[in-house]
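The structure appears right after this line, and notes come after that.
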């Protein structure tokens, strides 16, 4: 159950951070001056911190090692970004990206292997 809570918090926080970092690069995005893009993105990122800090805090309290938390966060970030890039940015996924993803999944396996 603890892993489910941590994964949920990390997933929502990564979704918010992905939006904060990349929402404005879609060609059809409303053109804002850069200073407004930064302020909007920082506002979104602030919400992200309200989720990622508790995820890391409780994850450590519940026995998940910091290296494991970071590797878990990275695989979630890549999963969220992949969906965001395909669905929002209309990017195409290639074999090179898929193979890279498999290598990172291997890192998760080794990080949690006992």
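Any read-out appearing in this document is the output of simple, stated calculations on the displayed coordinates, not a laboratory observation. Every value quoted in this text rests on a predicted model; they were computed, and no experiment measured them. Methodologically, a virtual Cβ is constructed for each residue, glycine included, from the backbone with ideal geometry; neighbour enumeration extends over all protein chains shown.
Using 0.36 nm per residue and subtracting the Cα-Cα separation, the extra length available between residue 58 and residue 86 on full extension is 6.9 nm.
Centre-to-centre separation between the Cα atoms of segment 1-15 and those of segment 54-114: 12 Å.
Once the convex hull of all Cα atoms in segment 49-114 is built, its volume per residue stands at 81 Å³.
When the helices of the chain are scored as -39500 (n - 2.57) per DSSP H run of n ≥ 4 and the total is divided over every residue, the value at 222 nm lands at -27500 deg cm²/dmol. Given points 7 Å out from each Cα along the Cα-Cβ axis, report the residue 95 to residue 46 separation in nanometres with one decimal. In this crude spin-label approximation the distance works out to 4.8 nm.
Just checking the listed ones, 91, 74, 48: in the Gaussian network model of the chain with Cα springs under 10 Å, the one fluctuating most is 91.
Between residue 39 and residue 110, the simple spin-label model (points 7 angstrom out along Cα→Cβ) gives 4.6 nm. Taking Cα atoms only, the orientation of helix 95-112 departs from the longest principal axis of the chain by about 40 degrees.
Rounded to whole Å, the principal axis extents of the Cα atoms in the chain read 49, 35, 19, largest first. Annotation for residue 4 and residue 28: the two label points, set 7 Å from Cα along the Cα-Cβ direction, are 3.7 nm apart.
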